[in-house]
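*Asks:* Quick one: structure below, then a few questions.
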Amino acid sequence: MHAFIRDIVDYEENRRASPIIKAMIKKYGRIPAHRICSGLAGWLKSQGNLKQSHPEAKKEVRPLKIDPAQENGVRMRRFIDESALAQELFMATETRVDFRPEIAMEERFAIAAYVNENFHPRLFSRPRSLQ
């Protein structure tokens, strides 16, 4: 598995920041870095879910839509444009993030399956002291 994907999943699951994630936090801030990681992981997990529940969807991986009018979309695109590791796998346009064309479909599916199996998003809950 690509180190960048493992690092994103590990950060979202365990809050362990690899050097890649630490550099992202330093450059963009903790919350924006989390949003970039969770956005990519959520997109990849949804593709893994899609492949499991709809076998006919195995011929494609849908791109992640980003809104250029929102700061999260701008940061996501800027991160992919500026990160050599992210560029090994992804490319960003004004409104979408997708795998690079040279990434084989089998590798895309393997990445989506890995994220689907290892990333378990948590719902926000308030600490008991604030309830």
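*Asks:* Filter the range 35-77 down to the residues that are modelled with pLDDT of 90 or more and outside any helix (DSSP H, G or I), then identify the one that is farthest from the chain's Cα centre (by Cα).
*Replies:* My answer is ALA69.
*Asks:* Exactly one condition in (1) farther than 18 Å from ARG122 by Cα; (2) at pLDDT 95 or above is false for VAL9; which is it?
*Replies:* (1)
*Asks:* State which residue pairs qualify: first residue hydroxyl-bearing (Ser, Thr, Tyr) and inside the range 50-76, second residue at pLDDT 65 or above and crowded, with 17+ Cβ neighbours inside 10 Å in any location, beta carbons under 8 Å apart, and separation of 6 or more residues or different chains.
*Replies:* Note: no pairs meet the criteria.
*Asks:* Let me ask something additional. With the requirement that a residue be polar (S, T, N, Q) and either at positive phi or touching a Pro at 6+ places or on another chain (Cβ under 9 Å) (or both), what does the range 63-86 give you?
*Replies:* If the condition is that a residue be polar (S, T, N, Q) and either at positive phi or touching a Pro at 6+ places or on another chain (Cβ under 9 Å) (or both), then ASN72 is the only one that fits.
*Asks:* If you don't mind, there's one more thing I want to ask. What number of residues in the range 98-125 are more than 13 Å from GLN47 (Cβ to Cβ) and assigned to a helix (DSSP H, G or I)?
*Replies:* 2
*Asks:* Here's something else I'd like to know. Report whether or not ASP81 is of a type in the set (Asp, Glu) and touching a helix residue (DSSP H, G or I) at 6+ places or on another chain (Cβ under 7 Å).
*Replies:* no
The values are calculated or read from the model by the stated rules, or taken from the named source; none is laboratory data. Values in this document were obtained by computation on a predicted structure and should not be read as measured data. All Cβ positions, glycine included, derive from the backbone under ideal geometry; neighbour counts span all protein chains shown.
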